[in-house]
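Input: a single structure, listed below in structure tokens.
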Amino acid sequence: MAIFGNEHRLVIVGAGFCGATIAYKVASELDLPVLVLDRRGHVGGNSYSKFDDETGIEYHQYGSHLFHTSNEAVWKFITQFSPFNNYRHRVFSRHRGKTYTIPINLMTINQFFGTDFDPAGARAFIAQQAAAENIEAPRNFEEKAVSQIGRPLYEAFIQGYTAKQWETDPAALPAEIISRLPVRFGFNDFYFGDLYEGLPTAGYSAIFDKILGHPKIKVVTGCDYFDVRGTIDPQVLSVYTGPLDRYFDYKFGELGWRTLDFEIERLDVEDFQGAAVVNYADIDVPFTRIHEFKHLHPERRHGNKTLIMREYSRFARRADEPYYPIGRQDDKRRYSQYKKLAEAEANVIFAGRLGTYRYLDMHQAIGAALNLYEKKVAPLLTGRCVKSDGPESDDLQRQSSPSLVPTRNAGVDEVMERRPRARSDR
Ligand code: FAD
Ligand code: UDP
């Protein structure tokens, strides 16, 4: 029984940035009707935000979402739905009762060691500390970090935070993870180095309402695809952005994810911590960071109250929301098994963060979706010749990181634009 009618030409599972972008392109450029399903009670996926009734502050329900990109096509796409403010993200780290700037930069180094180095002096000093351990070919996260910043900085800002965030000894984590965090020998303490950065002035939900408000798009929230799959015509093309292992009923076992628990508190103070995100580096503090959302929108008038959110990290069980792919050896093996099945699945394209088991930032999810629309979805829907360059999961793999581990330095932007990124000067 076709409970959603049978006029739609594309079914999209998941109303996050990946699903919404593809839905909008098909509706607006091909003028074809699209059905979007999401099991949550809202659209927006993990980028969802809402305004708090008590304080009037917009908060990001799944953790602070900072938009940044160097990809012109992505920026052009997203800014047609909303203006962005000029917020630039800075992060601070608390260690033994003091606050430092992160990523590690000249100010962090001088403050931590009580020195007054210039850039060249700091570089030489850190190189000396790093050389003390004689690590020539780092084999894991800890060795890589120590070989780059030396043990004192590693133990202060990285070891405890990482052990809390990944619930794993840093010596057992892949080295790639630390590549996401640059080390700088100047005073630049901006977290990102992209050409464009900011927050949507009316909030992320307003963007999703505009994208998915297209008259050719029908959205059904609170609807799990697996509860209605039998009612959907298998001949209709689907884009599935839910978890890859769930689609195949965990046939080869579960892929490893980290989940987060968030604890919201409303306080009768105007400014709790003076910044949007403060990390807690010490292992004896149970949470990894505190978000204070009002700082993301300096252009707004906020009252005398504030809303903060503590973030705790742990391994995801099946019932938890999967947030960060862990990418251990057995995950990589399982992923290849699922990928083979995904490639063989007729009329279904696997996409997005969950469907390809990749850490994708928002701009990467949008970039990959724009690419997927051009290369696969539009040709299949219009009968144009499909480029024979393999399944979508391969496309995404090439566009994002070469490993399963999230990296922010080698993302879709570089592959799509062949433009060097400025985030790290390591
Ligand atoms: P999602 O947004 O996860 O959307 C997938 C959707 O599919 C979900 O809504 C889910 O409910 C739905 N779904 C799953 N299974 C089913 C089913 N069976 N039936 C129906 N629907 C289903 N990116 C940045 O650029 N900047 C940041 O600062 C940033 N911070 C982040 C912080 C955290 C804590 C996390 C977890 C992510 C962060 N990201 C950030 C990444 C960002 O959230 C992702 O890039 C984005 O969510 C990817 O979009 P997506 O559509 O692939 O997946
Ligand atoms: N990291 C850390 N201390 C910090 C910030 C980051 O040790 O104050 C490490 C941590 O292992 C993290 C990685 O650097 O997973 C990459 O940082 P990023 O901010 O990209 O991590 P995210 O919060 O997105 O996982």
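Some notes on this structure:
- Selection within the stretch 287-320: residues that are basic (K, R) and surrounded by fewer than 18 Cβ atoms within 10 Å (Cβ to Cβ). The member of this set that is nearest to G242 (Cα to Cα) is R318.
- Among the residues making up the stretch 263-286, those that are exposed (fewer than 13 other Cβ atoms within 10 Å of the Cβ), of a type in the set (D, E), assigned to a loop (DSSP other than H, G, I, E, B) and more than 16 Å from ligand 2 (Cβ to nearest atom) are D268, E270.
- The strands (runs of 3 or more DSSP E) found entirely in the stretch 22-104 that carry 2 or more residues being within 16 Å of ligand 2 (Cβ to nearest atom) are 67-69, 91-95, 98-102.
Rundown of residues vs (1) under 21 Å from H295 (Cα atoms); (2) in contact with a strand residue (DSSP E or B) (Cβ under 7 Å, 6 or more places away or on another chain); (3) surrounded by fewer than 18 Cβ atoms within 10 Å (Cβ to Cβ); (4) among the polar types (S, T, N, Q), yes/no style:
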| site | (1), (2), (3), (4) |
| --- | --- |
| R40 | no, yes, no, no |
| Y48 | yes, no, no, no |
| L106 | no, no, no, no |
| D118 | no, no, yes, no |
| R139 | no, no, yes, no |
| L153 | no, no, no, no |
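- Test: residue in the stretch 184-207 that is within 11 Å of ligand 2 (Cβ to nearest atom), surrounded by 16 or more Cβ atoms within 10 Å (Cβ to Cβ) and outside any helix (DSSP H, G or I): yes
- Residue in the stretch 349-367 that is over 19 Å from the mean Cα position of the chain (by Cα), modelled with pLDDT of 95 or more and not in a helix (DSSP H, G or I) present: yes
- Given (1) surrounded by fewer than 20 Cβ atoms within 10 Å (Cβ to Cβ); (2) under 28 Å from the mean Cα position of the chain (by Cα), index of the condition Q111 fails: (2)
- Residue check, Y323 touching an Asp or Glu at 6+ places or on another chain (Cβ under 6 Å), among the hydroxyl-bearing types (S, T, Y) and surrounded by fewer than 18 Cβ atoms within 10 Å (Cβ to Cβ): no
- Candidates L260, L212: the one that is crowded, with 17+ Cβ neighbours inside 10 Å and within 16 Å of ligand 2 (Cβ to nearest atom) is L260.
- Close contacts from the stretch 109-121, counting a first residue that is assigned to a helix (DSSP H, G or I) and of a type in the set (S, T, N, Q) and a second that is surrounded by 12 or more Cβ atoms within 10 Å (Cβ to Cβ) and modelled with pLDDT of 95 or more, with Cβ to Cβ under 9 Å and a gap of 6+ residues or different chains, come to N110/F117; N110/A122; Q111/Y100; Q111/T101.
- Checked against the criterion of being in contact with a Leu (Cβ under 6 Å, 6 or more places away or on another chain), under 24 Å from S313 (Cα atoms) and assigned to a loop (DSSP other than H, G, I, E, B), the stretch 326-343 contains one or more residues that satisfy it.
- Qualifying positions in the stretch 155-183 - polar (S, T, N, Q) and near ligand 2 (Cβ under 8 Å from one of its atoms): Q159, T162, Q165
- Test set (1) at positive phi; (2) in contact with a helix residue (DSSP H, G or I) (Cβ under 8 Å, 6 or more places away or on another chain) - A132 fails condition number: (1)
The values are calculated or read from the model by the stated rules, or taken from the named source; none is laboratory data. Computed from a predicted structure; not experimentally measured. Virtual Cβ from ideal backbone geometry, glycine too; neighbours counted across all protein chains shown.
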